Every structure is written in C-alpha cells, then in structure tokens.
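The values are calculated or read from the model by the stated rules, or taken from the named source; none is laboratory data. The structure presented is a predicted model; accordingly, all values stated were derived computationally and were not measured. Please note: Cβ atoms are built from the backbone with ideal geometry, for glycine as well, and neighbour counts cover all protein chains shown.
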Amino acid sequence: MPGSARPEHGPMSPSRLPEPLRDGPFSTARALALGVGPGRLRGPDLASPFHGVRVPAANDLDDACERALALAPLLRPGWCFSHLTALLLWGLPLPLSTSGRQAPVHVGVPGGRGPRRPGVVGHDLVGDVSHVEVEGLPVVDPVSAWCQSATLLTLDALVAVGDALAGSWSRHPAARGRPMAELAAAVEARAGTRGVGRLRDALTLVRPRVESPKETELRLLLLRAGLPEPEVNVKRRDPLGRYLGQPDLSWAGRLVSAEYEGDEHRSDPHRWRNDIDRVERFTDAGWRVVRVTQRDLHGAAAERLILRLSRLLVS
C-alpha cells in the first residue's frame with residue numbers, strides 16, 4: 001500500500017554448523033563429508049588460517065600456539081609439532097620474534113618433508129625422536145625440540161631454553177628439571193648434524209636451578225664481562241644458621257648477591273614487601289645486595305652494573 005512501511009531485510013545469519021564442528025578448528029574435508037556446502041565454508045563467521053582449515057572468525061591467532069591448534073586437523077598419523085613450535089607448546093621461553101603472528105608453525109614428519117603451505121615449515125624427523133601429547137596436540141619431546149632448534153635460535157636463546165629445561169621455568173613437569181647429563185647426551189647424539197657446534201657451546205653455559213630467562217640474560221652478561229661465575233638460586237644462611245633467602249645469583253665468598261626484579265616485583269605489594277624484608281636480612285648479615293632491572297641489562301646502565309659488581313667482588 002502507498003505510504004506503508006516496508007520491512008527491512010538485514011543480512012541473513014549463517015546457518016549453524018553441525019555439532020562436531022562448533023567447538024574448534026576443523027578441516028574443510030571433514031566439513032564437506034558432514035554435508036556442509038562450499039558456500040557455507042566461505043561464510044563471514046569463519047576464517048581460514050591455513051588452506052583446508054576453518055576456525056571461528058573471532059579467534060585470536062596472533063600466538064603461534066593458537067596457530068598450531070588451528071593446523072592440528074590437517075596432521076596425519078605420525079606427524080607432530082617440532083622445533084620452535086614444540087618449544088612454545090612445552091611452555092619454554094623464546095624470543096617474541098619466534099612466536100608472533102609472522103612466525104611459522106613447524107611440523108615434523110618421519111621420513112618426509114611434511115605439509116607445504118604458507119605459514120607452515122615441514123621437517124624430516126631425524127633419528128629416534130619421540131613425541132607425546134601436550135594439551136591434546138602431538139609434540140616432539142622438549143629436549144629433542146631444543147636440539148632441533150639449534151639452527152633457528154641465537155646462542156643466548158638456546159642457553160635460555162637449556163636453562164629452562166634444567167631449571168623450573170615451564171609449567172609442564174616433563175619440560176623442567178631435566179638432568180644435565182640428559183641434555184649432554186642429546187647434544188652428542190646430534191654429532192655431525194647442522195647446528196651441533198652451537199648446541200655444544202650452549203651446553204657449556206646451561207646451568208640448573210634457573211627460574212627465569214632474565215636470570216639467564218643477567219648471568220651471561222656478567223660472565224662475558226669477565227666476572228667470576230655466580231651460583232644460581234642457592235639458599236643462603238647467616239653464620240648462626242638463620243635462613244636469609246635464595247638470591248638469583250650469589251657469590252658466597254664475597255657476600256655479594258644480585259637479584260633481577262621485573263615489574264611484578266613492583267606491582268605486587270606482597271612481593272614488594274617480601275623483597276624489602278629479604279634485602280634487610282641479607283644486609284644485616286653483612287651481604288651487599290645488587291638489585292637489577294631490565295634497564296640494567298643494556299648499554300651504559302649495563303656498564304655501570306658490571307663496574308659496580310666488579311668493585312664489590314674484588315674489594
């Protein structure tokens with residue numbers, strides 16, 4: 001009728017996907033087998049992080065671990081995540097450049113190169129490499145992944161991962177507290193392969209009991225400056241046997257310790273108070289405590305830190 005309002009027609013909502021496809025990534029082959037048409041797979045509610053895979057468009061795929069989860073529907077029996085991707089899935093510390101949106105996903109395949117598509121690097125798994133499930137994903141064991149990554153990481157980054165394996169950094173029990181002898185055996189088993197020289201160099205710098213990558217960075221800075229090697233996370237007591245604390249780095253013979261303090265030390269009132277109490281205990285027992293922040297690891301501030309510790313250690 002003239003003058004009557006016409007109903008407005010907005011965009012139609014996409015049809016609901018079958019139940020098995022609603023909870024996470026799925027392959028287009030599986031969707032087609034369940035009766036989902038090609039047009040539905042191009043719907044605005046779905047994204048395609050890799051050819052042959054769909055995920056909800058709202059998913060944040062900035063993290064390499066999320067992209068590994070998205071790729072999982074394409075893995076064939078025997079395939080597993082390897083190299084840097086495995087290290088990330090094990091919760092081991094890596095530079096941001098290896099885990100951001102541009103970082104590829106690494107997949108290992110026994111006797112083959114694996115998938116070849118943008119954003120994925122396939123590797124032939126060499127030697128006797130085992131894999132287990134981590135949060136439902138097949139992943140190379142953490143020590144093998146460390147060795148595999150020798151050509152992909154700098155020496156310092158390799159040391160940080162090795163420290164984490166021998167220390168207590170990862171949330172996964174299998175990726176922490178690994179004996180130094182096991183790391184050494186894994187390195188020697190790679191004799192003759194690319195990157196083994198860097199692995200051997202890293203192994204000489206790996207230490208047990210490390211609790212954070214910043215402890216590694218600080219320790220390497222001081223060693224390269226020629227300072228005596230500190231002990232790592234050793235509990236200290238005063239002459240009467242009273243517990244003082246567990247410094248990140250310490251030189252008991254000189255009663256000197258160094259503590260790396262990240263932002264969490266400042267922003268957490270309880271931790272801040274505990275830090276103050278610990279420094280007071282050490283000071284009362286005759287120790288000199290050097291508190292270190294991110295700024296002190298580079299440039300002129302690092303030079304001042306090295307000079308200060310040098311004076312304390314030789315005085």
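Remark: His51 falls outside the filter, which requires a residue to be closer than 26 Å to Gly167 by Cα and either touching a Ser or Thr at 6+ places or on another chain (Cβ under 9 Å) or buried (at least 20 other Cβ atoms within 10 Å of the Cβ) (or both).
On the basis of being in contact with a helix residue (DSSP H, G or I) (Cβ under 9 Å, 6 or more places away or on another chain), loosely packed, with under 13 Cβ neighbours inside 10 Å and either within 19 Å of Gly167 (Cα to Cα) or at pLDDT below 95 (or both), does Arg266 make the cut? Taking the combined requirement at face value, the residue satisfies it.
Only one of the numbered conditions (1) under 25 Å from Glu133 (Cβ atoms); (2) free of Cβ contacts under 8 Å to residues at least 12 places away in the same chain; (3) basic (Lys, Arg) is violated by Arg67, and that is (2). Every listed requirement among (1) assigned by TED's automatic domain parsing to the domain that holds Asp141; (2) touching a His at 6+ places or on another chain (Cβ under 9 Å); (3) buried (at least 19 other Cβ atoms within 10 Å of the Cβ); (4) farther than 16 Å from Ser149 by Cα is met by Pro118 save one, (3).
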